[in-house]
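The values are calculated or read from the model by the stated rules, or taken from the named source; none is laboratory data. Since this is a predicted model, take the numbers as computed values, not measurements. Every residue, glycine among them, receives a Cβ derived from its backbone with ideal geometry; neighbour counts consider all protein chains shown. Ligands, DNA and RNA are stripped out before the accessible areas are found, and what is left, the full protein with its side chains, is counted by its heavy atoms. Shrake-Rupley method; radii C 1.70, N 1.55, O 1.52, S 1.80 Å.
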Amino acid sequence: MKVAFFDSKPYDVSSFEKALQDKELTVKFYETKLNSDTAGLAKGAECVCAFVNDTLDKETVEKLTDFGIKLIALRCAGYNNVDLDACKGKITVVRVPAYSPYSVAEHAIAMLMTSIRRIHKAYIRTKDFNFSLNGLTGFDLHGKTVGVVGTGKIGKCFIDICKGFGMNVLCYDKFPVTDEGLNYVSLDEIWEKSDVISFHCPLTEETHHMINESIIEKLKKGVVIINTSRGAIIDAEALLEGIKTRKIGAACLDVYEEESDLFFRDVSGHILEDDTLALLISMPNVILTSHQAFLTEEALEAIANTTVNNIVTFFKEGKCENEVCLQ
């Protein structure tokens, strides 16, 4: 069984090589992203393995179908980059629904703590032997209200950590979990009462630009926004304007709406043409990491093992429990 593996990085190769031991799979690793222009690299394979910024639109799916691809194995939980309608009846799509929810939840908290306690600024300052505390005043999380949008595995891990800090937790989910003792409220209450808002939901038509200009007007002044889900949940230009007007006190972003051509790459020797991103990075109250929240040894191992098992199971049994179904 041959697999064409796109958008591969050194940490992908090392984790998947371990997972592939004793498996009857031949994997060709490609650094390039999968799209309609690069789909030809999959010729001769039965399966492609794709990541969050690969483009699996109708044109790409049609080309993969012509090449005889039977399976798209996503090594991630989200599948908003896949045209499922184009895949229906032609190519099966499987994903990794969960790997290490702790990795993402802990990264969200790490960014929050770094931001509100000015740890990133203190680190840079002391490297220059500047030990002044001026401008480094933060605030306690204890007693503050955090709004959590999305109460899946990652969201619940994040909630547990917040409760450990003594925070008041408000939750919203389109499909609330009734037996977890979570305090579900409306989105309007999340917007109006939260000192911190963290997103742990998939990107759908309903969640696209969930944070926009009109919603920002409803937020508490000085609110901290955290996004470790998908970039397009937040309208980046509206976020920037909210920061400029001091409505938003800080933003902790591990994802960005137009990240696909930038994240996971070193572009330090190039001019950044995305003015919105450049301005966000320049803001003293914005912390941005490049889709790093998942990146722990435990998560990489789980992603590799689940992806390989998805592929093996599908070609052995003709189905897989992690298949993405059209609802």
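For segment 71-77, putting each phi into the Karplus relation 6.51 cos²θ - 1.76 cosθ + 1.60 with θ = phi - 60° gives couplings of 9, 9, 9, 7, 9, 7, 8 Hz, in residue order, rounded to whole numbers and with x for Gly and Pro. Listed by chain and number, the lysines whose alpha-carbon sits under 18 Å from that of Lys221, ignoring those within fewer than 8 places in the same chain, are Lys144, Lys193, Lys244, Lys247. Taking a point 7 Å out from the Cα of Glu323 in the direction of its Cβ, the residues of segment 89-115 whose backbone N falls within less than 20 Å of it are 89-98. Only helices enter the 222 nm calculation for the chain: every DSSP H run of n ≥ 4 contributes -39,500 (n - 2.57), and dividing by all residues gives -10000 deg cm²/dmol, rounded to 500. Taking amide hydrogens as placed 1.01 Å from N in the peptide plane, the amide H of Val93 sits under 5 Å from those of Ile72, Val324, each at least 5 positions away in sequence or on another chain.
Averaged over residues, the count of other Cβ atoms within 10 Å places the peptides 206-216, 109-119 in the sequence 109-119, 206-216, highest first. The phi-based Karplus calculation (6.51 cos²θ - 1.76 cosθ + 1.60; θ = phi - 60°) puts the 3J(HN,Hα) values of segment 166-181 at x, 8, 8, 9, 10, 10, 9, 7, 4, 10, x, 8, 7, 9, 9, x Hz, whole numbers, x for Gly and Pro. On a 30 Å Cα-Cα criterion, which of the cross-link pairs Lys70/Lys156; Lys23/Lys63; Lys18/Lys88; Lys33/Lys156 come out too long? From the list (Lys70/Lys156; Lys23/Lys63; Lys18/Lys88; Lys33/Lys156), the Cα-Cα distance tops 30 Å for Lys70/Lys156; Lys18/Lys88; Lys33/Lys156.
Ordering 219-232, 137-150 by mean Cβ neighbour count within 10 Å, with the highest value first, yields 219-232, 137-150. By DSSP, the beta bridges lying fully in the chain are antiparallel in about 5 percent of cases. Rolling a 1.4 angstrom probe over segment 237-327 with all protein chains present gives an accessible area of which 46% lies on carbon and sulfur atoms. Gain on full extension, evaluated as 0.36 nm per residue between Glu180 and Asp128 minus their Cα-Cα distance, stands at 13.9 nm. Can you send over the carbon and sulfur percentage of the accessible area for segment 1-160, probe radius 1.4 Å, protein chains only? The computed percentage sits at 50.
Straight-distance candidates among the lysines for linking to Lys153, with alpha-carbon spacing under 21 Å and chain neighbours fewer than 8 residues away dropped: Lys163, Lys174. Post the alpha-carbon centroid distance, segment 148-183 to segment 69-139, in whole angstrom. Computed from Cα coordinates, the inter-centre distance equals 18 Å. Shown is the FRET efficiency for Glu206 and Gln21, computed with R0 = 41 Å from the Cβ-Cβ distance and rounded to the nearest 0.05: 0.50. Rolling a 1.4 angstrom probe over the protein heavy atoms with all chains in place gives the chain an accessible area of 51 Å² per residue.
Using a Förster radius of 25 Å, what is the FRET efficiency between Lys221 and His142 based on their Cβ-Cβ separation? Nearest 0.05, please. Here the calculated transfer efficiency is 0.80.
In segment 11-147, with Lys and Arg counted as +1 and Asp and Glu as -1 at Cβ, which of these residues, Asn80, Leu133, Val93, has the Cα nearest the positive end of the dipole, that is, farthest along it? Ranked along the dipole, the leading option is Leu133. Once backbone amide H atoms are built at 1.01 Å from N, Cys76 has Val96 as its partners under 5 Å, excluding neighbours fewer than 5 places away on the same chain.
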